[in-house]
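The values are calculated or read from the model by the stated rules, or taken from the named source; none is laboratory data. Only a predicted model underlies this, so the values are computations on that prediction, with no experimental measurement involved. FYI the Cβ positions are ideal-geometry reconstructions off the backbone, even for glycines, and counts take in every protein chain you see.
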Amino acid sequence: MVNVAMVGGEQSGKTTLASKMGKQGTESDIVLYNFVKGDNILAIVDPVGYPKSPKPLVNAINMSDVTLFCVAASGLDARAGECIILIDLLKPRHGIITITKTDESNSFAVEELTKKLKALTKGTVMENWEVIPTSTKSFEGVDKLKDRIFEVDNLLRKEYESLDDKPVRIPIDHHFNVTGIGTVILGYVIQGKVNIRDKLTVFPIKQEAEIRSIQMQDVDVKQAKSGDRVGLALKGVQSKDLDRGFLISKEEIVTDTLKLKCHTARFKGEFNAGDKVHLYVGLQSTPALVKGITGAASTASNVDYEVEMKTDKEIAYSPGDVFLLSKLDDPKQRFLARGTP
């Protein structure tokens, strides 16, 4: 299985492309699509709540193995720069750029836009990403795009095999009650294995839960492994007590105070002690107060420093998790810096 985040602004064509690549499933501020071809399963995550809120975009990338950056052939829109900055901060392992709506342009304009994108992403994690032109009307490039994604899927199988022996971690992205079953969550196994009747804990609320059943692609299974997208029926916890980003695992660090080693975004990022920022880790988010900054005179672009923070609510994380700092009231570019504990 390969999870793909559709990234781009309102005019990028990402939602139309997603609808042509898979069958629509769960819908909220992120919409899920699925497509199956032989042994390959494509799960698409479209953050339709962006750009009104940055949270769905952050969630989509953190839910995915591949980031698909979408740009309309007519040119870059107002949010393209913000998307590039976020991608460079989160540094996804795999990515592709697609120029959409090529039927509304011409080959020369597409070639010029490709050159512009290469120049704009130079020095970022996107620098060597392949650019694939696509059209949802003529279907130019759509099959090629799917084939490239499935090539990544085959690589991911080896990557995830190396994570199967680690302690299980499952971030929750949706949760609800089902009559006759009880609490059901949707999520993905980022590492380890989960089995029916496993007793695990939901963090940060530290509530024990038993795995009653496991489904993958609407099929009951006894076990799910690293990289699998799952639906889990839980015993011992109610849906009303859950939130997106809660983690099902054996052990997490739970805290409302943090000291992060931070690095500012390439083109943005200055903030000061006393500022109120928004903090993301995995699929969790919370307002946080910057209590202190050490190690640098300022948080100007491409500077390293340490930030002490107090979050409005407790969060759960493990060593190595990547935190993202943002300012929601910035009208142009809301992402400030990345940090690690």
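Restricting segment 195-204 to residues that are surrounded by fewer than 16 Cβ atoms within 10 Å (Cβ to Cβ) and either in a strand (DSSP E or B) or aliphatic (A, V, I, L, M) (or both) leaves a set whose member that is nearest to the chain's Cα centre (by Cα) is Asn195. (1) of a type outside the set (D, E, K, R); (2) touching a strand residue (DSSP E or B) at 6+ places or on another chain (Cβ under 6 Å); (3) touching a residue at least 24 places away in the same chain (Cβ under 8 Å): which one isn't true of Tyr33, the others all being true? Going through the list (1) of a type outside the set (D, E, K, R); (2) touching a strand residue (DSSP E or B) at 6+ places or on another chain (Cβ under 6 Å); (3) touching a residue at least 24 places away in the same chain (Cβ under 8 Å), Tyr33 breaks only (3).
Would you call Lys55 touching a strand residue (DSSP E or B) at 6+ places or on another chain (Cβ under 7 Å), under 18 Å from Gly282 (Cα atoms), of a type in the set (D, E, K, R) and assigned by TED's automatic domain parsing to the domain that holds Arg93? The answer is yes for Lys55.
Residue count for segment 226-253, restricted to those that are touching a Lys or Arg at 6+ places or on another chain (Cβ under 7 Å) and surrounded by fewer than 20 Cβ atoms within 10 Å (Cβ to Cβ): 2.
In segment 174-194, the residue that is surrounded by the fewest Cβ atoms within 10 Å (Cβ to Cβ) out of those that are part of a loop (DSSP other than H, G, I, E, B) and touching a residue at least 12 places away in the same chain (Cβ under 8 Å) is Ile181. Scanning segment 17-47 for residues that are surrounded by fewer than 19 Cβ atoms within 10 Å (Cβ to Cβ) and outside any strand (DSSP E or B) turns up Ser19, Lys20, Ser28, Asp29, Gly38, Asp39. Restricting to segment 126-162, and then to whatever is in contact with a Gly (Cβ under 7 Å, 6 or more places away or on another chain) and of a type in the set (A, V, I, L, M), can you tell me which residue is farthest from Ile99 (Cα to Cα)? That would be Leu156. Taking segment 54-139 and the strands (runs of 3 or more DSSP E) fully enclosed by it, the elements with 2 or more residues that are crowded, with 22+ Cβ neighbours inside 10 Å and of a type outside the set (Val, Ile, Thr) are at 66-72. Quick one: is Ile293 farther than 15 Å from Ala273 by Cβ and part of a strand (DSSP E or B)? When the stated conditions are applied, Ile293 does not pass them.
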